[in-house]
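Novice: Right, I'll just put the structure down here and ask away after.
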Amino acid sequence: MSYQNYSLKQLQQIDASHHLHPFTDHKELREAGSRIITHANGPYIYDSEGKELLDGMAGLWCVNVGYGRDELAEAAYRQMKELPYYNSFFKCSTPTPVLLSKRLAEIAPKGIGQVFYGSSGSEANDTALRLVRHYWALEGKPEKNRIISRKNAYHGSTIAGTSLGGMEAMHKQLGGAVPNIVHVMMPYAYELALPGESDHEFGLRAAKAVEDAILEAGADRVAAFIGEPIMGAGGVKIPPLSYWPEVERICRKYGVLLMLDEVITGYGRTGEWFGAQSFGVKPDTITTAKALTSGYQPLSALLVGDRIARVLVEKGGEFHHGYTYSGHPVACAVDLANIDIIEKEGLVERVKSDTGPYFAQALRERIAGHPLVGEVRSFGLMGAIEVVKDKATKERFAPSGSAAVTVRDHAIANGLMMRATGDTMILSPPLIWTRDIIDMACDRIVKALDLAAADLRH
Ligand code: PXG
């Protein structure tokens, strides 16, 4: 590629003139200019000024095997030469999605053996929404079509994704969500637990909100409950261990399907292949994307449980839904190579028994005591740091969200790419991070917190 012929300034000017970015205030962006990432290797990304940054977010929660993997590039190259594209409509198929479906069925929780492909998490959730409604229609219960979700959930940015999600600002701009989706409280103990309430009790109370919503609508009107095992974009909100088994019990009691959105938690991040396994629940659908290909190709896979698949097959009738790129051969070839790497290098096990516990300990021992930090929490290689003005009262800095942005900017200036969401700092690094890299990241976080504390005091 010949971008080297352009200066940083020129690239920024062209970007500002022609490129509309996602989730961006374009006035602000055009004043500031964008940060242009030009290449990457292993755990590092590099910008057009040559600055090296440790990528604490694995791209956008996706580059689980790290950057610069020749195997993935070669898998794409080979597949493009052999068969760059053919569709899987009209009773056609191509070899790579066939083989990938078998592979995914092998690593998915037991009883989940079918796969529907798309190109993004949003598309997969659109599929999931249609599929559960279609399932109940096939079962002769078309009025059982309501979906229960959570406030502050993120399920994508298409109309279905936004509607399923519980992000207020997104709903406001949507001007009319898909009907019959309701949102209940999230399991976020740090802000929502009552004084004296244990984590366990809080988890049960948050699950009870799902039962209340089912009872309010009437169980014969509720199709499914959808949730991220750990809320990601909403701020790495880790539910108490009592939450998911209780949600599952409630769903089973009332005949409500359980849909897990594992676009972030899937493929090793929690120390198991899926968050479902970490929290001990058996969902009816699992939405996956992102780390499915470690972000090297756009691909999503909705994993579908046998209960739903059986009805689709037994009752028949067309499911009127699909995408040009459903089962794209190149994306599926890259995915097969990606799963090979995760398996060969034992990355899931490494997160569970080595780097995950070490990460938790490092956050606890090195970050939690900082005066700006209200709480640290992590699960596997997903972590959050709550930024507060007062540790004891949990008072935040005003305006809301500004303090975390200050910390983030210092982290980036000191060589660590992190995200700030609201007043929460987030980490979701590649699963190739070692103990040494975790130490290096913590050094940079401590420095960023110290510098931010000095700024915020003024
Ligand atoms: N579900 C979950 C749980 C996600 O995190 C999607 C669905 C949608 O995936 P696509 O591929 O359509 O983007 C996501 C995506 C952030 C951020 O700011 C998070 C996501 C996307 C963009 C930004 O943390 N998650």
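Read-outs: derived from the displayed coordinates by stated rules, not from any lab. Everything quoted here is computed from the prediction, not taken from an experiment. Backbone-built Cβ (ideal geometry, glycine too); neighbour counts: all protein chains shown.
Novice: Can you tell me the dipole magnitude for segment 88-193 around its Cα centre, using point charges on the Cβ only (Lys, Arg +1; Asp, Glu -1), in Debye to the nearest 20?
Specialist: Numbers: 12 positive and 7 negative charges, 53 e Å.
Rounded to the nearest 20 debye, it is 260 debye.
Novice: Based on the Cα atoms of segment 371-458, what semi-axes does the equivalent ellipsoid have, where each is the square root of 5 times one gyration tensor eigenvalue, given in whole Å with the largest first?
Specialist: Listed largest to smallest, the semi-axes of segment 371-458 are 22, 14, 11 Å.
Novice: Taking amide H atoms as placed 1.01 Å from N in the peptide plane, list the residues 5 or more away in sequence, or in a different chain, whose amide H sits under 5 Å from that of Gly42.
Specialist: Here the answer is Tyr67, Gly68, since their amide H atoms fall under 5 Å of that of Gly42.
Novice: Applying a 10 Å radius around every beta-carbon, put 122-129, 389-396 in order of their mean neighbour count, most first. Working shown, then result.
Specialist: Details: 122-129: 26.8, 389-396: 12.9.
Highest mean packing first, the order is 122-129, 389-396.
Novice: Mean separation of Cα pairs under 8 Å and 6+ residues apart, divided by the residue count of the chain: what relative contact order is that in percent?
Specialist: 19 percent
Novice: While we're looking at this one, here's another question. Express the Stokes-Einstein translational diffusion coefficient of the chain in µm² s⁻¹, to the nearest whole number, given a Kirkwood radius over alpha-carbon pairs, 4 °C and a viscosity of 1.567 mPa s.
Specialist: D = 56 µm²/s.
Novice: Using only Cα atoms, what Kirkwood radius does segment 6-64 have, in angstroms?
Specialist: For segment 6-64, the Kirkwood estimate is 12.7 Å.
Novice: Based on alpha-carbon atoms only, what is the radius of gyration of segment 278-379 relative to the globular estimate 2.2 N^0.38 Å?
Specialist: Segment 278-379 yields a ratio of 1.53.
Novice: To the nearest Å, what is the center-to-center distance of segment 53-82 and segment 214-248, using C-alpha atoms only?
Specialist: If we compute the Cα centre of each part, the gap is 32 Å.
Novice: What ranking, highest mean first, results for peptides 430-440, 152-162 when packing means the other Cβ atoms within 10 Å averaged over each residue? Kindly include the intermediate steps, with their values, before the conclusion.
Specialist: Values: 430-440: 18.4, 152-162: 21.6.
So the order, starting with the most tightly packed, is 152-162, 430-440.
Novice: Let me test this: with uniform point scatterers at the alpha carbons of segment 330-399, what is the Debye-based log₁₀ I(q)/I(0) at q = 0.17 1/Å?
Specialist: Log-scaled intensity ratios, in q order: -0.70.
Novice: If I take R0 = 25 Å and measure r between the Cβ atoms of Ile159 and Asp212 in this structure, what FRET efficiency does the formula 1/(1 + (r/R0)^6) give, to the nearest 0.05?
Specialist: 0.40
Novice: Compute the whole-percent fraction of alpha carbon pairs in segment 24-98 spaced more than 22 Å apart.
Specialist: 52 percent
Novice: Could you work out the helix-only [θ] at 222 nm for the chain, with each DSSP H run of four or more residues adding -39,500 (n - 2.57) and the total divided by the number of residues, to the nearest 500 deg cm²/dmol?
Specialist: Calculated at 222 nm, the ellipticity per residue is -12500 deg cm²/dmol.
Novice: After finding the eigenvalues of the alpha carbon gyration tensor for segment 57-193, what semi-axes result from the square roots of 5 times each, listed largest first in whole Å?
Specialist: Semi-axes from the Cα gyration tensor: 32, 22, 16 Å.
Novice: Now a separate question. With just the Cα atoms of segment 139-192, tell me how far they stretch along each of the three principal axes, in Å, largest first.
Specialist: Per principal axis, max minus min of the Cα coordinates gives 43, 26, 14 Å.
Novice: Sticking with this structure for a sec: Using only C-alpha atoms and all pairs of different ones, pull out the Kirkwood radius for segment 78-126 in Å with one decimal.
Specialist: 12.5 Å
Novice: Provide the net charge surrounding Gly369, with neighbours chosen by a C-beta distance below 14 Å and charges set as Lys +1, Arg +1, Asp -1, Glu -1.
Specialist: Surrounding charge for Gly369 is -1.
Novice: Can you work out ³J(HN,Hα) from phi for every residue in segment 279-291, in order, using Karplus 6.51 cos²θ - 1.76 cosθ + 1.60 and θ = phi - 60°, giving whole Hz and x for Gly and Pro?
Specialist: For segment 279-291, the Karplus curve yields 9, x, 10, 10, x, 8, 9, 10, 7, 9, 6, 6, 5 Hz.
Novice: At 10 °C and 1.306 mPa s, grab the translational diffusion coefficient of segment 302-458 from Stokes-Einstein with a Kirkwood Rh over Cα pairs, rounded to a whole number in µm² per second.
Specialist: Estimated via Stokes-Einstein, D reaches 86 µm²/s.
Novice: Now for a different question. Between Val182 and Arg435, what is 0.36 nm times their sequence separation minus the Cα-Cα distance? Round to one decimal in nm.
Specialist: 86.9 nm
Novice: Peptides 303-312, 286-295: what's the order by average Cβ count within 10 Å, highest mean first?
Specialist: 286-295, 303-312
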